[in-house]
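Read through the structure below, which is laid out as structure tokens, and then see the notes.
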């Protein structure tokens, strides 16, 4: 086939990137995996799970933002040297990547059909737009990509009316890392009681499961320490402080981004880049800035809840755009958002590319936004402009504002898809991948649980 050549070239580029990252892993141990491996080692050696070692010295211990079950999961890997363990886990990235793309494809096919010949290139376009964050998750061996795949896999299972299995997947993801709990809250708000309640039950059961390994006394001590540090971070009165201490320029949390513009950032602070190119905009005191940020969050939250308030059928397109919005809100609302966490942008970009190809009437400003996204995240990356200029851009939180803008695009598409002209714009697709066996539809008479 004449198209096979270009496809092989694309796949070859992807393979080269994965090999390069694997070499960096073996040689230098890049990424946060060493923290995950360390906490697993503490468990095997019978030491306190959040011992005072590692990068977070002075802020309560090693890797303490993760729950105790994180140590249980990584304990088997701690039996090997760090480089060997990271190499053994590395294939998880490829598995999570393929699973997530397949889940997104199955969810979108009934609404955004695509010709088989075009599916590969449309997927490639979405992956390229998200590549800055996807590459950053490679040293983490795809754990963040796996969590996104689990959350969206739960959505696919829910749409297929397999609520129990979906709850197991979503509950497990929530136990491993708290942020997928926003999907449980979304299901609850949409009055999908079964998957919401069962997911919460699974998350609770998985969260207490480490007691079987640690014992009741040590588990209670470990969990109390973990929750205390999370509470301490959440109750900070200074918006420029987080669970890990001062908010750094690489932290893409929306709270930190707003604080950067509302407050004076002192010399030497991790949110300030040294040199004359730093500009303070407002100089509110910490308490006023905190109240202002909380008010902005409240207004935005009420607006999203009002937009999402209508109960929709399991197979309606609006649910996909809402779920994509949830993935983006997780990144913005989390107090700690690193580049590897931002693989959560992929579902929204995937849907946007498919909507364009399906002839949906996207608005002009959306195309302009995608152009800005590509210019900043692909053109102004470290490989082209250098580390210092990249840190300068990070200090102004451009990536945070782009994610917020993508959320705006997603919410607008959610509103547009409810209009009759949205669906009528879909072109006729020959040889589509849509088949009833692959994409189960919910029964019309039983749309809601």
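The values are calculated or read from the model by the stated rules, or taken from the named source; none is laboratory data. This one's a predicted model, so the numbers in the text were calculated from it and none came from an experiment. Heads up, the Cβs are rebuilt from the backbone with ideal geometry, glycines too, and the neighbour counts pull from every protein chain shown.
Structure values in brief
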quantity	calculated
When residues of region 228-261 are limited to those that are in a helix (DSSP H, G or I) and at pLDDT below 85, the one nearest to residue 404 (Cα to Cα)	234
Positions within region 179-212 being under 20 Å from the mean Cα position of the chain (by Cα) and under 18 Å from residue 148 (Cβ atoms), in sequence order	179, 180, 181, 182, 183, 184, 185, 186, 187, 199, 203
Members of region 1-28 found to be within 30 Å of residue 67 (Cβ to Cβ) and more than 23 Å from the chain's Cα centre (by Cα), listed by number	24, 26, 28
Count - residues of region 308-327 that are free of Cβ contacts under 8 Å to residues at least 24 places away in the same chain and in a helix (DSSP H, G or I)	0
In region 235-253, the residues that are more than 16 Å from residue 291 (Cβ to Cβ) and either out of contact with any helix residue (DSSP H, G or I) (no Cβ under 8 Å at 6 or more places or on another chain) or surrounded by 18 or more Cβ atoms within 10 Å (Cβ to Cβ) (or both)	242, 243, 244, 245, 246, 247, 248, 249, 251, 252, 253
Failed item in (1) at pLDDT below 95; (2) more than 11 Å from the chain's Cα centre (by Cα); (3) buried (at least 20 other Cβ atoms within 10 Å of the Cβ), with residue 356 passing the rest	(3)
Scope region 104-135; condition under 30 Å from residue 34 (Cβ atoms) and either crowded, with 22+ Cβ neighbours inside 10 Å or under 12 Å from the mean Cα position of the chain (by Cα) (or both); matching residues	129, 130, 133, 134
Where residue 305 falls short, out of the listed (1) surrounded by fewer than 15 Cβ atoms within 10 Å (Cβ to Cβ); (2) free of Cβ contacts under 8 Å to residues at least 40 places away in the same chain; (3) part of a helix (DSSP H, G or I)	(2)
